[in-house]
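Peer 1: One structure, pasted below without further comment.
The values are calculated or read from the model by the stated rules, or taken from the named source; none is laboratory data. Because the structure is a prediction, the values reported are computed rather than measured. Please note: Cβ atoms are built from the backbone with ideal geometry, for glycine as well, and neighbour counts cover all protein chains shown. Remember, those area values only see protein heavy atoms, side chains included, never the ligands or the DNA or RNA. Shrake-Rupley method; radii C 1.70, N 1.55, O 1.52, S 1.80 Å.
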Amino acid sequence: EITCRDWSSDVCSSDLLQNKVTLWITKKLDLLGHYSIIRYAVQVVVEEFITFLIAMIITLLCFGEIGYAIVFACAFSVLRQFAGGIHANTYCKCMIATICMFGVSIWSVYNVYGNILLAAAIISSVGIWYLSPVVVTNKKTSLIQQKKSQQIVHQLLVFYWILVCIVLDTRMAKVIQMALVMVFILQAMGEIVSQCRSEEHTSELQSRQVI
């Protein structure tokens, strides 16, 4: 999942397709009263599918295969869902960032030394273990939900490293390691954004008190 946020009007969005699909679903299932909810769900699915498809096509053109890209997408999106991190504020930015992330990750699988990537993945795993979940958006989550997400992240990390040990010294292991590195990078960026917002909020409150 590669998860995106802020579905505002954007030149990259496919509104016509989304409206047609939403209208068909609401009429077919007699859910016209829930049009806005279904419209949002359709928008998420369509935009993420388009992003994934474009990333796969570009990966195929650049590297001649998409198997590693599919594995990376699965490993990254599942962990990312629970680990959290920074999100793009428009769909177009999200699509560009996702495509770049795919390109860098698959390039690294082919060109970065295994020991360097292994060290980066270990550091990233430690960071993910302690940082998760990183909540940057305005979405409210309870402490129970955050604790549950943290437990799932820990379980996924153990599972991923078991897979790495099974397929050690192969490109498939590198793919999983790159997924860990990318999730950690987005988490670190999310933490920085959260700290900046917190400082801005504190400064604003202090200014109001002075006034």
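Peer 1: Take segment 118-151 and flag every residue that is open to solvent by 40 Å² or more (accessible area, probe 1.4 Å), within 27 Å of Met56 (Cβ to Cβ) and part of a helix (DSSP H, G or I).
Peer 2: The one that is open to solvent by 40 Å² or more (accessible area, probe 1.4 Å), within 27 Å of Met56 (Cβ to Cβ) and part of a helix (DSSP H, G or I): Leu118.
Peer 1: Hey, can you tell me all the residues within segment 52-97 that are open to solvent by less than 60 Å² (accessible area, probe 1.4 Å), of a type in the set (S, T, N, Q) and under 30 Å from Ser142 (Cβ atoms)?
Peer 2: Of everything in segment 52-97, those that are open to solvent by less than 60 Å² (accessible area, probe 1.4 Å), of a type in the set (S, T, N, Q) and under 30 Å from Ser142 (Cβ atoms) turn out to be Ser77, Thr90.
Peer 1: Okay, next question. How many of the residues in segment 105-128 are among the aliphatic types (A, V, I, L, M) and in contact (Cβ under 8 Å) with a residue 40 or more places away in the chain?
Peer 2: Qualifying residue count, segment 105-128: 9.
Peer 1: Could you list, in sequence order, the residues of segment 1-30 that are modelled with pLDDT of 50 or more, part of a loop (DSSP other than H, G, I, E, B) and among the acidic types (Asp, Glu)?
Peer 2: Matches in segment 1-30: Asp30 only.
Peer 1: Let me ask something additional. Just for segment 47-80: of the residues that are in a helix (DSSP H, G or I) and of a type in the set (D, E, K, R), which one is nearest to Ile152 (Cα to Cα)?
Peer 2: Arg80
Peer 1: Of the numbered conditions (1) open to solvent by 60 Å² or more (accessible area, probe 1.4 Å); (2) part of a loop (DSSP other than H, G, I, E, B); (3) not hydroxyl-bearing (Ser, Thr, Tyr), Asn115 satisfies every one except a single condition; which is it?
Peer 2: Single failed check for Asn115: (2).
Residue-by-condition table, conditions (1) touching a residue at least 40 places away in the same chain (Cβ under 8 Å); (2) aromatic (Phe, Trp, Tyr); (3) under 30 Å from Met172 (Cα atoms):
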site	(1), (2), (3)
Lys28	no, no, no
Tyr40	no, yes, no
Cys62	yes, no, yes
Ala97	no, no, yes
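Peer 1: Could you pull out the residue among Val109, Val44 that is among the β-branched types (Val, Ile, Thr), in a helix (DSSP H, G or I) and modelled with pLDDT under 90?
Peer 2: Val44
Peer 1: Filter segment 24-43 for residues that are under 22 Å from Tyr91 (Cα atoms) and of a type in the set (A, V, I, L, M); which is surrounded by the most Cβ atoms within 10 Å (Cβ to Cβ)?
Peer 2: Val42
Peer 1: Can you find, within segment 152-171, the residue that is farthest from Ser194 (Cα to Cα) among those that are in contact (Cβ under 8 Å) with a residue 24 or more places away in the chain and surrounded by fewer than 18 Cβ atoms within 10 Å (Cβ to Cβ)?
Peer 2: Applying the filter and picking the extreme gives Asp169.
Peer 1: Do the conditions hold for Val158, that is, is it at pLDDT 90 or above, closer than 24 Å to Ala73 by Cα and touching a Lys or Arg at 6+ places or on another chain (Cβ under 8 Å)?
Peer 2: no
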